[in-house]
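Novice: Quick one: this structure, given as structure tokens, is what I'll be asking you about.
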Amino acid sequence: MIMKAIQGKSYTKNVRMSPTKIRMILNHIKGSDFRQALMLILLLPKGYKAQQPILKALWSALANLITAHSQDSIDLNSLYLKEARVDQGRTMKRFRPRAQGRAAAIQKKTSHITIVLASRETN
């Protein structure tokens, strides 16, 4: 039996975190199986605040895959992360008072997370 490849996408936009912090975790899970990616994220030290938005995007991609292909049988063991990337979003600009009447700019960066789950074709 030949099973066709199916995929589900998830876009999480305007996450209030810099892309560099999120990229540290995404580089660990890129290209891995779905279950392995979940375990890697959950077993990382709790200091990484980027875990929560990545998990949210991962579960959203799975829900989108199930919704889009509800008539097909989906094997969770054949799912893998086809694409996992983070792009920089808008930068919020704030100012902080400094000495002698000056102002220092503070840039609060945001991120856009893209995750694509796909199933491997089996023969």
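Read-outs: derived from the displayed coordinates by stated rules, not from any lab. What you are looking at is a predicted structure, and each value in this text was computed from that prediction instead of being measured. Note that we place each Cβ from the backbone using ideal geometry, even for glycine, and neighbour counts take in every protein chain shown.
Novice: Run the paramagnetic zone check for GLU121: 7 angstrom along Cα to Cβ, then residues of region 23-55 with backbone nitrogen under 12 Å.
Specialist: Correct set: none at all.
Novice: Would you be so kind as to identify all helices of the chain, as entire DSSP H runs, whose Cα atoms reach 24 Å or more along the helix's own axis and whose mean Kyte-Doolittle hydropathy is at least 0.5?
Specialist: Once both thresholds are applied, what remains is 51-68.
Novice: Separate question: Using just the helices of the chain, give the 222 nm mean residue ellipticity in deg cm²/dmol: DSSP H runs with n ≥ 4 each add -39,500 (n - 2.57), and the total is spread over all residues, rounded to 500.
Specialist: Only helices count here, giving -10000 deg cm²/dmol.
Novice: Between GLN107 and PHE95, what length comes free when the chain is fully extended (0.36 nm per residue of separation minus the Cα-Cα distance, one decimal in nm)?
Specialist: 3.5 nm
Novice: To the nearest 20 debye, what charge dipole does the chain have about its Cα centre, counting +1 at the Cβ of each Lys and Arg and -1 at the Cβ of each Asp and Glu?
Specialist: Value, rounded to 20: 1260 debye.
Novice: Go through region 95-111 residue by residue and turn each phi into a ³J(HN,Hα) via Karplus (6.51, -1.76, 1.60, θ = phi - 60°); whole Hz please, and just put x for glycine and proline.
Specialist: Calculated HN-Hα couplings, in order: 10, 10, x, 10, 5, 6, x, 8, 10, 10, 7, 10, 9, 9, 8, 10, 9 Hz.
Novice: Note the listed values [x] 22, 19, 15; [y] 28, 14, 10; [z] 37, 14, 10, then indicate which one is semi-axes √(5λ) of the Cα gyration tensor in Å calculated from this particular structure.
Specialist: [z]
Novice: Taking 0.36 nm per residue of separation and subtracting the Cα-Cα distance, what length does fully extending ARG85 through TYR11 add?
Specialist: 25.6 nm
Novice: Right, something else. Over the chain, what is the relative contact order in percent, taking alpha-carbon pairs closer than 8 angstrom and at least six residues apart?
Specialist: Computed over the chain, the figure is 45 percent.
Novice: Tell me which residues come under 5 Å, amide H to amide H, from GLY89 once H is placed; ignore anything under 5 positions away on its chain.
Specialist: Those lying under 5 Å, H to H, from GLY89 are THR110, SER111, HIS112.
Novice: Specify which residue in the list ASN64, LEU43, MET24 is farthest towards the positive end of the charge dipole of region 7-119, using unit charges on the beta carbon of Lys, Arg (+1) and Asp, Glu (-1), about the Cα centre.
Specialist: MET24
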